[in-house]
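Contents: one structure, followed by commentary.
Just so it is clear, none of the values below were taken in a lab; they were calculated from the coordinates. Predicted model only: the values in this text are computed from it and were never measured. Neighbour counts run over all protein chains shown; Cβ positions are idealised from the backbone, glycine included.
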Amino acid sequence: MARRCRAVFGGLLGGAVVRRFPANSTRYVVGEHPATVGDAMPRPRRPPAPAVTPSAELGNEIRHWRELRGLSVAELAAAVGRDRRTISGAEDGRDRPSEALVNMIEARLASGGLILSYYDAVLAEVRRQRLNGRVLGGIAPDASDDDLSVFVDETVADGTVMAPGHRFEKTWTIRNEGAVEWRDRRLTRLGTPAGPGLITTPRFVPLPFTAPGAELTIAVSCVAPLVEGTTRAVFKMTDGEDRRYFYQPRYTVGLQVQVTVARDV
């Protein structure tokens with residue numbers, strides 16, 4: 001043991017010792033004092049995440065206003081009665097803060113309501129995912145590759161221009177081209193069935209029994225949004241528990257209605 005110690009450390013007494021360290025190891029120069037366990041070692045903050053989700057956009061906005069007000073994460077956390085990790089999670093887009101916390105952050109940072117608007121977008125996305133999850137979360141147990149549908153006709157062509165709040169009925173005619181009876185099915189809206197800028201429709205419409213080879217006309221009551229612009233609503237055929245049929249890639253579009261709202265119609 002003594003011989004090995006002299007081989008490693010002996011040069012520190014009689015001269016320089018040349019050692020080869022692994023490329024990823026830590027090197028200390030004699031005379032320097034490395035940080036001890038008790039020293040403060042602040043972790044570098046990650047740059048803002050790309051704002052690809054509402055949660056990321058909210059986090060970036062909170063960070064922007066916190067830095068604009070000259071506050072650290074710890075100082076903002078103390079001001080709203082939360083720990084540092086809660087604020088970091090919100091800013092990084094990992095965690096969704098509660099409404100009460102967002103209101104306290106807004107009161108402290110005074111963003112003029114911008115933080116609250118980003119939070120509203122987060123809640124809208126959560127609700128949209130919840131509604132879509134009921135439709136896209138699974139495939140009907142009796143779905144089959146022998147189940148085929150062919151588009152035949154429609155009313156209210158895509159791109160039809162109409163006045164704000166106009167009430168209309170959209171119909172599609174499709175044909176059961178497969179070998180499977182359509183029984184106890186319904187046409188279900190994807191996403192939110194009502195809201196600012198959206199076409200308002202029922203969440204689903206029951207479908208009558210349709211034998212192979214028969215045609216089916218589906219009618220959906222619609223109300224155009226009050227906001228000018230182009231909007232659409234998409235529907236899929238599902239069972240009573242919102243599990244979808246026609247899961248094959250050629251059926252990714254579904255049935256849709258698309259209109260353009262203009263006040264000078």
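Points to keep in mind about this one:
- Once the Cα-Cα distance is subtracted from the 0.36 nm per residue extended length, the Thr171 to Ala110 segment shows a gain of 17.1 nm.
- Projected label distance in nm at Glu99 and Met162, using a 7 Å step from Cα toward the beta-carbon: 3.2 nm
- Pairwise label distance in nanometres, Glu67 with Val150, each label 7 Å out on the Cα-Cβ vector: 5.9 nm
- By the compact-protein rule of thumb, 2.2 N^0.38 Å, the alpha-carbon radius of gyration of region 93-226 corresponds to a ratio of 1.45.
- Restricting the trypsin sites (Lys or Arg not before Pro) of region 193-265 to loop positions (DSSP other than H, G, I, E, B) with no more than 11 neighbouring Cβ atoms within 10 Å leaves Arg263.
- In this simple spin-label approximation, Asp142 and Ala179 carry label points 7 Å from Cα along the Cα→Cβ vector, and these lie 1.7 nm apart.
- Gap separating the Cα centres of region 142-217 and region 94-126, nearest whole Å: 37 Å
- Put simply, the amide H of Arg185, placed in the peptide plane, has neighbours under 5 Å in Leu207, leaving out anything fewer than 5 places away on its chain.
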